[in-house]
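Below is one structure, written out as structure tokens; the observations come after it.
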Amino acid sequence: MTTVEADPGPFSFDPATTALVIIDMQRDFCEPGGFGETLGNDVAQLRGVIPPLQEVLATARAVGMTIIHTREGHEPDLSDCPPAKRNRGAPSLRIGDPGPKGRILIRGEYGHDIIDELAPRPGEPVVDKPGKGSFHGTRFGEELAARGITSLIVTGVTTEVCVHTTVREANDRGYECLVLSDCVGSYFPEFQRAGLAMIAAQGGIFGWVAPSRALLAVLHPALEGTPS
Ligand code: C5J
């Protein structure tokens, strides 16, 4: 077992049964002209997540951990988009409307895909999800089970929405989740703080929280002697 210093206490995991989960690092959330911006958000708030997440991704690949990416989005005919999700609020563009990066939050569009900096490699599953959680309406649970995964290292955006929903779903299903505090991001600093605090509160009610350097400190030694 490998142990990371975390909040509320040490997080022990076996890299062979742990998946790095990268949630919704899509142009639609992280770049101008996408879904996040149509909701009135400053997408620059999420950019700080990219460099530490690139390092974690490179290290996870080097040690041979399972890596799973997710993307939030909908079928072009919107058949999997609840009308309540499309119609609520007063965004500048709604889901399915044409935008500068293609139709907003629609599978197959440029804006729906993962940013170049964190592009999946062949063999890394990409789970398309219609909702905020990674389990709802997807094969995420089957992908984890097929690989014998029991622990998740969770990263991506946004902290209080898709990251939180996924961690809650995973926790209820018995997975042990470590959330990397600098590899998850929110458009709202107060939600970032509260979202992370809520995970580790009450003895780790949903899981554990640690900065990426704490994980890298235990994974980097595992790389010694690994052929590059
Ligand atoms: C949102 C997400 N924020 N990926 N989606 O609507 O967190």
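Just a few scattered comments:
- Of all residues in region 66-86, those that are buried (at least 19 other Cβ atoms within 10 Å of the Cβ) and either free of Cβ contacts under 8 Å to residues at least 24 places away in the same chain or over 16 Å from the mean Cα position of the chain (by Cα) (or both) total 2.
- Single residue of His164, His136 found to be within 14 Å of the ligand (Cβ to nearest atom) and touching a strand residue (DSSP E or B) at 6+ places or on another chain (Cβ under 8 Å): His136
- Search result, residues across region 152-172 that are in contact with a Phe, Trp or Tyr (Cβ under 7 Å, 6 or more places away or on another chain) and surrounded by fewer than 24 Cβ atoms within 10 Å (Cβ to Cβ): Glu160, Arg168, Glu169, Asn171
- Considering region 184-212, and only residues there that are within 14 Å of the ligand (Cβ to nearest atom) and crowded, with 22+ Cβ neighbours inside 10 Å, the residue that is farthest from Ile50 (Cα to Cα) turns out to be Gly195.
- Given (1) within 16 Å of the ligand (Cβ to nearest atom); (2) part of a loop (DSSP other than H, G, I, E, B), index of the condition Val154 fails: (2)
- Qualifying residue in region 87-102 (condition: in a helix (DSSP H, G or I) and buried (at least 17 other Cβ atoms within 10 Å of the Cβ)): no
- Residue match in region 209-224 (condition: under 18 Å from Asp14 (Cβ atoms) and not in a helix (DSSP H, G or I)): yes
- Extreme residue, farthest from the ligand (Cβ to nearest atom), among residues of region 11-55 that are in a strand (DSSP E or B) and among the β-branched types (Val, Ile, Thr): Thr18
- Per the conditions (1) over 13 Å from Thr66 (Cβ atoms); (2) touching a Leu at 6+ places or on another chain (Cβ under 9 Å); (3) in a helix (DSSP H, G or I), the sole criterion not satisfied by Leu144 is (1).
- Set side by side, the residues Cys162, Cys177, Cys183 differ, and just one is in a helix (DSSP H, G or I) and closer than 14 Å to Ile22 by Cα, which is Cys162.
- With respect to (1) within 16 Å of the ligand (Cβ to nearest atom); (2) under 30 Å from Leu178 (Cβ atoms); (3) among the basic types (Lys, Arg), the lone exception for Arg61 is condition (1).
Each value in this text was obtained by applying a stated rule to the coordinates, not by laboratory testing. Quick caveat, the model's predicted, so the values are computed rather than measured. As a convention, Cβ positions derive from the backbone with ideal geometry for all residues, glycine included, and neighbour counts pool all protein chains shown.
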